[in-house]
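Encoded as structure tokens, the structure appears first; notes follow it.
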Amino acid sequence: MSAKAKRSTPPTAGPGVKWRGDTVYLSPSREHLLGVAFMVVLCLIFAGFKFSWFFWVPLLPLIFLAWTFYVRTTVGPQGIATRYALRKNRKMSWNKFSGVQFNKAGKAYAVTHEDGADDTRFWLPGVTFNSLITLSVASDGRIPDPVTPGREAADRKVQVVHKDGHAVLMDKDEYAEYEAQRRAEVEKSD
């Protein structure tokens, strides 16, 4: 399959993923809107206590809503670009790109390597571990996809569940040996 045929339909889709040609735009999940609704209710209760003091509080969910729709990460043939709401936007070409790094909280960062300088990193809004498949396709493999090989390997295996509930994944050869051994034990006990 050619690269153009591969791009005619979006290879990956999901919340916050939009394809335009060879470029993908990743934005925060729209599930953030549930948080906005919850914040609105809390802010209205808070502002209802003493409106003359807290009239500004209901603006916080609106700011968060605007942030959710504005920030994004763009990945394409030229490199990676981010759009932030309250700080300077960042761009990086593929020749300066070193990799994607995740912190313990799950935030994704693009790591750059520059000649004679320490590695620097910047936050990629809308990028999660699950979007690595999309990033791999959009970057033509410059960002590796660790998810798909694992899924394909698991698809080629058979899950065996023992009577005690313990489950094991085996390839077909291991399963044939296991089944032969199990049948031999059953025949021996009869």
Name, by its number, the condition in (1) closer than 27 Å to LYS96 by Cα; (2) modelled with pLDDT under 80; (3) out of contact with any Leu (no Cβ under 8 Å at 6 or more places or on another chain); (4) surrounded by 15 or more Cβ atoms within 10 Å (Cβ to Cβ) that does not hold for GLY79.
(2)
THR148 vs (1) under 16 Å from the mean Cα position of the chain (by Cα); (2) surrounded by 14 or more Cβ atoms within 10 Å (Cβ to Cβ); (3) of a type in the set (Ser, Thr, Tyr): all pass except (2)
Consider the range 80-105. How many of its residues are touching a strand residue (DSSP E or B) at 6+ places or on another chain (Cβ under 7 Å), within 22 Å of PRO146 (Cα to Cα) and charged (D, E, K, R)?
1
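Can you confirm whether THR134 is assigned by TED's automatic domain parsing to the domain that holds VAL24, assigned to a strand (DSSP E or B), in contact (Cβ under 8 Å) with a residue 24 or more places away in the chain and among the polar types (S, T, N, Q)?
It is false that THR134 is assigned by TED's automatic domain parsing to the domain that holds VAL24, assigned to a strand (DSSP E or B), in contact (Cβ under 8 Å) with a residue 24 or more places away in the chain and among the polar types (S, T, N, Q).
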Criterion (surrounded by fewer than 13 Cβ atoms within 10 Å (Cβ to Cβ) and under 30 Å from PHE38 (Cβ atoms)) met by exactly one of GLY106, GLY165
GLY106
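The values are calculated or read from the model by the stated rules, or taken from the named source; none is laboratory data. Worth saying up front: this structure is predicted, and the values here are computed from it rather than measured. Because the Cβ atoms are built from the backbone with ideal geometry, glycine has one as well, and the counts that use them run over all protein chains shown.
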